[in-house]
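The values are calculated or read from the model by the stated rules, or taken from the named source; none is laboratory data. Just so we're clear, the structure is a prediction, and the values are computed from it rather than from any experiment. Because the Cβ atoms are built from the backbone with ideal geometry, glycine has one as well, and the counts that use them run over all protein chains shown.
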Amino acid sequence: MHGMKRIYGYLRASTKEQDASRARQALEDFAKNAFQTVSGWFVENESGATLKRPELFRLLEIAQQGDILLVEQVDRISRLNTQDWEQLKSQIKSKGITIVSLDITTSHQFISTKSDDFTYRMLAAINSMMLDMLAAVARKDYEDRRRRQSQGIAKAKREGKYRGRPINQTLRRNIKALINDGCSISEIVDTIRCSNKTVISVRKELAAFPKKNVKP
């Protein structure tokens, strides 16, 4: 018999401006309708196209065989290329974790039913196929959007209309404050979750205009 142990909800958004917790209520309602509860939540704002997702891997580290990883859609787990997806999927499989996604109806049975070994293996095979298919669709959607974005930028540049990404002044002010407090680049990156490049840019700005940024 294959019974469920614990359910972990995973919520992800690509940018800090997006609400990663948006789907939490939908996942809670889904679990409740199956007479289950979510044991823990893992929330992060990271791109689904990269394996650099600390909360997802913290979930995988904590989860044990038989536990469930609950998501709203497969693209919350993966917009990865084929090689990275196979690596992530292999780690999930080696831990004995089952993915249940609201957009894969064949996966719903894992959260609410127990089954004999044959039925479980059949369901797992179908679920794996659906995961691969939707992960491929999510990756294609990501690549299509990136291509359209690049085409739009190229057109705007040709027409002299491209102004680049707007500067996040609030982020830069926070970085300046931490620099003035003596924090290192790595400490600032870990605290604010920004890039090294942005911190270095702000440091150069402070060095160029030191009198405007002296602490009282």
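Brief remarks follow.
- Residue under evaluation residue 200, criteria (1) more than 27 Å from residue 49 (Cα to Cα); (2) assigned to a helix (DSSP H, G or I), criterion not met: (1)
- Among the residues making up segment 174-193, a single one is exposed (fewer than 11 other Cβ atoms within 10 Å of the Cβ) and in a helix (DSSP H, G or I): 186.
- Given (1) farther than 30 Å from residue 107 by Cβ; (2) of a type outside the set (D, E, K, R); (3) in contact with a Phe, Trp or Tyr (Cβ under 9 Å, 6 or more places away or on another chain), number of the condition residue 136 does not satisfy: (1)
- Considering the conditions (1) under 22 Å from the mean Cα position of the chain (by Cα); (2) surrounded by 14 or more Cβ atoms within 10 Å (Cβ to Cβ), residue 106 is excluded by exactly one of them, (1).
- Taken together, 17, 28, 44 contain a single residue that is among the acidic types (Asp, Glu) and touching a helix residue (DSSP H, G or I) at 6+ places or on another chain (Cβ under 8 Å), which is 44.
- Test: residue in segment 147-159 that is within 23 Å of the chain's Cα centre (by Cα) and basic (Lys, Arg): yes
- Test: residue 23 is more than 25 Å from residue 123 (Cα to Cα), in a helix (DSSP H, G or I) and touching a helix residue (DSSP H, G or I) at 6+ places or on another chain (Cβ under 9 Å): yes
- Matching residues in segment 31-70 - criterion: being in contact (Cβ under 8 Å) with a residue 12 or more places away in the chain and under 17 Å from residue 139 (Cα atoms): 46, 47, 48, 49, 50, 51, 53
- The residue list 99, 126, 92 contains one member that is part of a helix (DSSP H, G or I), at pLDDT 90 or above and touching a helix residue (DSSP H, G or I) at 6+ places or on another chain (Cβ under 7 Å), which is 92.
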